[in-house]
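Only the coordinates and a few stated rules stand behind these numbers; no lab work does. All figures in this text were calculated on a predicted structure; none of them were measured in a lab. Note that we place each Cβ from the backbone using ideal geometry, even for glycine, and neighbour counts take in every protein chain shown.
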Amino acid sequence: RIPAEIDVLCAGFPCQPFSLAGLRKGFSDETKGTLFFDLREIIETKHPRVIFLENVPGLLSIYNRDENGNRLEEKTIDTILRILREDIHYHVHKPEIVNAKNFGVPQNRDRVFIVGFRDEDLGDYQLPLQNDNADTHFGDIREYNVDAGYFMSKRYWQTLLRHKKKKKNKGRGYGYRIIDNDDFGHTLMVGGMGLERNLVVDEEHVDFEQLNDPRGELNH
């Protein structure tokens, strides 16, 4: 299904094996950690003019491990760059970290970007400049007088508490965070996962109707 001619290959290979919030198995995660090598095959076969890869900043600090979990000398990012530069001969810039909050989006989402070119003439390429004085916060996009359907139940709140404690005991950092109007959210999401990631305390919304709601008593 991949076209024969590709100008730009954009890929965000799975971040869980490299994230500071996960177990940090890296390439030794057989399910998700090896998908970079599928990207390598695509690049070698299709020869896109530009490659644009994205992952979590933890990718820059994690080391490779052998089949027994022992740490090796080479970092994962150095393996990736060596493959791109030496094995398939792309001209790859130094990886850079960019945060969404510095581009007018009220979410604290920093990601590392790896940009490479098939041809040597790179021109004057550079990533967009960041505005370190971010001026868009969660309160700037927050909606008021929302429907009661956006409130979680007190019962579900207890589920989130148990979930966060369980993940913490396993050495993972997943879980909710309560954000203020002058703060930044985690990755802004829609649907159920959005309710679990970013929580808002709404003490003003006291007059919503709750008729035969199967979720139980609502929680502010």
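Structure summary
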item: Calculated FRET efficiency for the pair GLU96/ASP124, C-beta based, R₀ 25 Å, to 0.05; result: 0.95
item: Cut-off under 5 Å, modelled amide H: who pairs with ASP183 long-range; result: PHE138, GLY139
item: Residues of type lysines that LYS154 reaches as a straight line, Cα spacing below 26 Å, ignoring anything fewer than 8 places off in the same chain; result: LYS164, LYS165, LYS166, LYS167, LYS168, LYS170
item: Shape category assigned to region 57-133 from the gyration tensor of Cα positions, a/c cut at 1.5; result: oblate
item: Gained length - ARG82 relative to ALA11, 0.36 nm times residue gap less alpha-carbon distance; result: 23.8 nm
item: Amide hydrogen neighbours beyond the local backbone of PHE13, cut-off 5 Å, H modeled; result: GLU54
